[in-house]
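Q: Structure below; questions to follow.
The values are calculated or read from the model by the stated rules, or taken from the named source; none is laboratory data. This is a predicted model, so every value here is computed, not measured. Here the Cβ positions follow ideal geometry from the backbone for every residue, glycine too, while neighbour counts run over all protein chains shown. Note: areas computed on protein heavy atoms with side chains; ligands, DNA, RNA excluded. Shrake-Rupley method; radii C 1.70, N 1.55, O 1.52, S 1.80 Å.
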Number of protein chains: 2
Amino acid sequence: MSTPRLSRRGLLGGGVAAAGVAGAFVAGRASADDAQAAVAASYAFRGEHQAGIVTPAQDRLHFAAFDLLTTDRDEVVALLQDWTAAAERMTRGDGAGEVGPVDGDPLLPPDDTGEAIGLPPARLTITFGFGPTFFDKLDLADRRPKALRRLPHFPADVLVEEISDGDLCVQACADDPQVAVHAVRNLARIAFGRAAVRWSQLGFGRTSSTSTTQDTPRNLFGFKDGTANLKAEQPELVDTHVWVGADDDPAAGWLAGGSYLVARRIAMTIELWDRQPLADQEQFVGRTKGAGAPLGGDKEFDEPDFDAVTGLAPTIPVDSHVRLVHPSFHGGAQMLRRGYNFVDGSTPLGALNAGLFFIAYVRDPDTHFIPIQNAMAKSDAMMEYLKVNGSALFVVPPGIAAGEYVGQSLFA
Amino acid sequence: MSTPRLSRRGLLGGGVAAAGVAGAFVAGRASADDAQAAVAASYAFRGEHQAGIVTPAQDRLHFAAFDLLTTDRDEVVALLQDWTAAAERMTRGDGAGEVGPVDGDPLLPPDDTGEAIGLPPARLTITFGFGPTFFDKLDLADRRPKALRRLPHFPADVLVEEISDGDLCVQACADDPQVAVHAVRNLARIAFGRAAVRWSQLGFGRTSSTSTTQDTPRNLFGFKDGTANLKAEQPELVDTHVWVGADDDPAAGWLAGGSYLVARRIAMTIELWDRQPLADQEQFVGRTKGAGAPLGGDKEFDEPDFDAVTGLAPTIPVDSHVRLVHPSFHGGAQMLRRGYNFVDGSTPLGALNAGLFFIAYVRDPDTHFIPIQNAMAKSDAMMEYLKVNGSALFVVPPGIAAGEYVGQSLFA
């Protein structure tokens, strides 16, 4: 796990002590010192694993999928080297390059687009991934991880091709959306001629905690989300469920210490949801709306009792979300979720184009995502209010040491 | 101008002193105390003018236009009364109503959607406006303000009808986007059967300061924006240029203390912009990119010298943005700008769907917006990188006293 460090952009003065600050930052009830220090804090780009996975989830997201414009492996390696250099600069609070004049020449375009000048690092992380088609286009099929293929069609998927899949992905998370947008925009600029944005998604509010130091946030159904999420403070569980092991995959030893990233754009029909009785909403979810306690329990972190009955029926209904996706019904499989709420304007029918941009990191989607998603899509009462219109699967290479570029183990 | 006060949602404990805090909050370099207190602070909903105009611009926006589903004046008055009650609750950090059980009945839908439970008020303001068609549909033509009509077609307008105009508008601004989204979503829920969302726009980063206590932010061209904007601390200028006077309009005395709201969705071709030389970018804008100084000047707040020449040409080019829109060429007319950066995913062509959601408040669009926009659209070098695809004009009624509902002076 990367270590928080302090940095700030050149135009900022002053200094704030921030040792361990991100771990101390509790969204929604931070102390004043914590809040200010967290904005100024940054995470190291290099480490055993990429930052942005078990890193305490930042508040805002800009996620982009890219398509390669070249099949030349050397050009792609050069792109990854350029992206690594820019990402390392931006995560510590510098520009992607010089605003200019670059090399003293005002007739060159700036090497940074400028909109983040004066803004602190805002705990920016940039996480890179490769999609299945990346391996096809670069003739790397012999090194392709075994579970990396287009996700199957699930019931209730209404996928739009233009916002699904991709050769590469970039997940930029930060506490300031302008910082996250600046990162994606500059990586797109740097990729010019080599890769182009395929689709892109902003998220305004995190819907998961990835650290025990964080409160559980709420999704757009108004319910606490991710109560039982994997947390950074559970390293053994994270090792078991998130990081690809050295012996997991003979063809892809290079992925050891990496992970799989599942991205799903889940549109919610929130106007319909808002007209359902409170009792029904709670039966669909399997938890209370206020406290987030499992039905029949008192407090958010009470264990759900799936054997409890009320009258003749299970207290936690058989088609409730919390039951259908619970690890106890899936061989113990857990995900590290890292999703975000979104509203992308409105639909032609006068509804808000709103939902959850689901992101999960798993060691193997064949055991840790696909069976769970099938159970949910087939039986979950909540599905009546969900439509999945974007979907993608990527592998996320391990972290890198000094002098390396992101994804280097694949090309070594 | 509304007075900041302290409040917080029921589920939050503790207390933070916040007297005058919003005025002390300087985005980008707040002290720790300021930052925390600002999140907890709230603005009064009632006052001489609606909040959200000269209020120091919050960081995030959710703007929605609504179409009426009824032409019954009594139903619309009831809607405005319901909206007033909910807006007053939400701006002080409460829910729009009870999460439930409402009236103790779990079979009723909640009166609040829940996703803002536990979040502080985040300086939320909610500002309401009426479009030209509002007056047509309610048979109120005799009370229609004289300048309230569909904006003319400007050069470079490529308007999309579905994201233009509207009978009503709601501008929700807050420092937490989840709070702003929650506000619009609940107002839409409350409007069910009486008005429906026509279009809606999120903005992630303010592009204007409306108070001398705020730093000048940057737009997605990477330049400081709004350096010469009207500020709350200039009450005489605000009276002259923003608030409709009691004698401005014999048919619309009810609008005294209100304003006109111009909304324009300005898409920027940022990828093209990013490939222009720094010197060209600065010539288009008429300011330096780093400091934001007018060309030929040193510092951001230096007055532009339009008579200065460099060689044979004006130092500030004749087609530069800063010159074309400067008050000295428009009879002294000034606007109070309150726009936001946006990125709405990406276009089918692989570009970021990015730009500036322009909002301006003016006393009279016929003198304070249309001539300036015509000059800009016809001659501004920056227009090569702009496409306006959404446009709307509204009037914003004055503020209200205790016991009144928003817009009451129109119906009185």
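Q: Return one number: the angle in degrees, 0 to 90 and rounded to the nearest 10, between the long axis of the Cα atoms of helix B:73-91 and the longest principal axis of the Cα atoms of chain B.
A: 80 degrees
Q: Calculate, for A:Ala402 and B:Asp142, the FRET efficiency according to 1/(1 + (r/R0)^6) with r their C-beta to C-beta distance and R0 60 Å; round to the nearest 0.05.
A: That gives a FRET efficiency of 0.20.
Q: In degrees, nearest 10, range 0 to 90: what is the angle between the Cα axis of helix A:370-379 and the longest Cα principal axis of chain A?
A: Once rounded, one gets 40 degrees.
Q: Give me the log10 of I(q) over I(0) for the range B:71-140 at q = 0.25, 0.26, 0.28 Å⁻¹, as the Debye formula computes it from C-alpha points; what are the numbers?
A: -1.07, -1.11, -1.19
Q: What do you get for Rg/Rh over the range A:133-286 if you use C-alpha atoms and the Kirkwood form of Rh?
A: Computed over Cα atoms, the ratio is 0.99.
Q: May I pose another question? With a cut-off of at most 12 other beta carbons within 10 Å, and DSSP calling the residue loop, which trypsin sites (Lys or Arg not before Pro) in the range B:304-412 qualify? Please list them.
A: Counting only loop positions with at most 12 other Cβ atoms within 10 Å, none of the trypsin sites (Lys or Arg not before Pro) in the range B:304-412 qualifies.
Q: Shifting gears a bit: How far is helix A:177-190 tilted, in degrees, relative to the longest principal axis of the Cα atoms in chain A, given as a value from 0 to 90 rounded to the nearest 10?
A: Between the helix axis and the principal axis of chain A, the angle is about 50 degrees.
Q: Could you state how much accessible area is buried at the A-B interface, both sides summed, with a 1.4 Å probe, in Å² to the nearest 100?
A: That pair of chains buries around 4700 Å² in total.
Q: In whole percent, and with a 1.4 Å probe on the protein chains, what portion of the accessible area of chain A is carbon and sulfur?
A: 54 percent
Q: What is the average number of partner chain Cβ atoms found within 10 Å of a Cβ in B:91-104?
A: Other-chain Cβ atoms within 10 Å of each residue's Cβ, averaged: 1.
Q: Using modelled amide H (1.01 Å from N, peptide plane; none on Pro or chain starts), what sits under 5 Å from the amide H of B:Thr207, excluding residues fewer than 5 places away?
A: Under 5 Å from the amide H of B:Thr207: B:Gly339, B:Tyr340, B:Asn341.
Q: Using a 10 Å cut-off on Cβ to Cβ distances, tally the other chain neighbours for every residue of A:174-180 and report the average as a whole number.
A: That average works out to 4.
Q: Per residue, how much space in cubic angstrom lies within the convex hull of the C-alpha atoms of the protein assembly as shown?
A: Given the Cα convex hull of the protein assembly as shown, per-residue volume reads 150 Å³.
Q: Sticking with this one: Residue separation times 0.36 nm, minus the C-alpha to C-alpha distance between B:Thr367 and B:Ala246: what's the value?
A: 41.8 nm
Q: Short version: ³J(HN,Hα) in whole Hz for each residue of the range A:241-256, in order, from phi by Karplus 6.51 cos²θ - 1.76 cosθ + 1.60 (θ = phi - 60°), x for Gly and Pro, what are they?
A: 10, 10, 7, 5, x, 4, 10, 5, 8, x, 7, 9, x, 4, 8, 4
Q: Oh, and also: Sketch the reach of a paramagnetic label on B:Thr70 as a point 7 Å from Cα along Cα-to-Cβ, and name the residues of the range B:389-412 whose backbone nitrogen lies under 13 Å away.
A: In the range B:389-412, the label zone of B:Thr70 (backbone N under 13 Å from the point 7 Å along Cα→Cβ) covers no residue.
Q: What is the set of long-range amide H partners of B:Ala41 at a cut-off below 5 Å, with H atoms built 1.01 Å from backbone N?
A: Amide H neighbours of B:Ala41, under 5 Å, 5+ apart: B:Ala122, B:Arg123.
Q: How big is the gap, in Å, between the Cα center of the range B:130-195 and the Cα center of the range A:246-273?
A: Cα centroid of the range B:130-195 versus Cα centroid of the range A:246-273: 40 Å apart.
Q: Across peptide A:345-355, what mean number of C-beta atoms from other chains lies inside 10 Å of a residue's C-beta?
A: Mean partner shielding for this stretch: 6.
Q: Between A:Ala232 and residues 5 or more places away or on another chain, which pairs have amide H atoms under 5 Å apart, with H built 1.01 Å from N, and which residues are they?
A: Result for A:Ala232 returns A:Ser211, A:Thr212.
Q: Something else: Suppose R0 equals 51 Å. What FRET efficiency, 1/(1 + (r/R0)^6) with r the Cβ-Cβ distance, do B:Phe192 and B:Val309 give to the nearest 0.05?
A: 0.25
Q: May I ask you to derive the FRET efficiency for B:Val160 and A:Asp298 from their Cβ-Cβ distance with R0 = 60 Å, giving the value to the nearest 0.05?
A: Result of the calculation: an efficiency of 0.75.
Q: What number, rounded to the nearest 500 deg cm²/dmol, is the helix-based mean residue ellipticity at 222 nm of chain B, given -39500 (n - 2.57) per DSSP H run of at least four residues and division by all its residues?
A: -6000 deg cm²/dmol
Q: Turning to a different aspect of this structure: Send over a whole-number figure in Å² for the accessible area per residue of chain A, probe 1.4 Å.
A: Counting only protein heavy atoms, the per-residue value for chain A is 35 Å².
Q: While we're looking at this one, here's another question. Taking K and R as +1 and D and E as -1, what net charge do the other residues with C-beta under 15 Å from the C-beta of B:Asp302 add up to?
A: Summing Lys/Arg as +1 and Asp/Glu as -1 gives -2.
Q: List, in order, the whole-Hz ³J(HN,Hα) value for each residue of the range B:194-205 obtained from phi through the Karplus relation with A = 6.51, B = -1.76, C = 1.60 and θ = phi - 60°; use x for Gly and Pro.
A: Working through the residues one at a time gives 10, 8, 10, 4, 8, 8, 7, 9, 9, x, 9, x Hz.
Q: Then there's this: Which of the residue pairs B:Lys137/B:Lys387; A:Lys224/B:Lys224; A:Lys137/B:Lys289; A:Lys231/A:Lys289 have a Cα-Cα distance greater than 28 Å in the structure shown?
A: B:Lys137/B:Lys387; A:Lys224/B:Lys224; A:Lys137/B:Lys289
Q: Percent of Cα-Cα pairs more than 28 Å apart in the range B:45-411, please.
A: Every Cα pair in the range B:45-411 considered, those over 28 Å come to 44 percent.
Q: A further question follows. Tabulate in residue order the Karplus-calculated ³J(HN,Hα) for the range B:309-318, using 6.51 cos²θ - 1.76 cosθ + 1.60 with θ = phi - 60°, rounded to whole Hz; enter x for Gly and Pro.
A: 10, 10, x, 9, 10, x, 4, 9, x, 5
Q: Quick check: Cα centre of the range A:41-117 to Cα centre of the range B:56-103, how many Å?
A: Cα centres, the range A:41-117 to the range B:56-103: 41 Å.
Q: Mind checking the full-extension length gain between A:Ala85 and A:Arg275? Use 0.36 nm per residue of separation minus the Cα-Cα distance, one decimal, nm.
A: Stretched fully, the A:Ala85-A:Arg275 segment lengthens by 63.4 nm.
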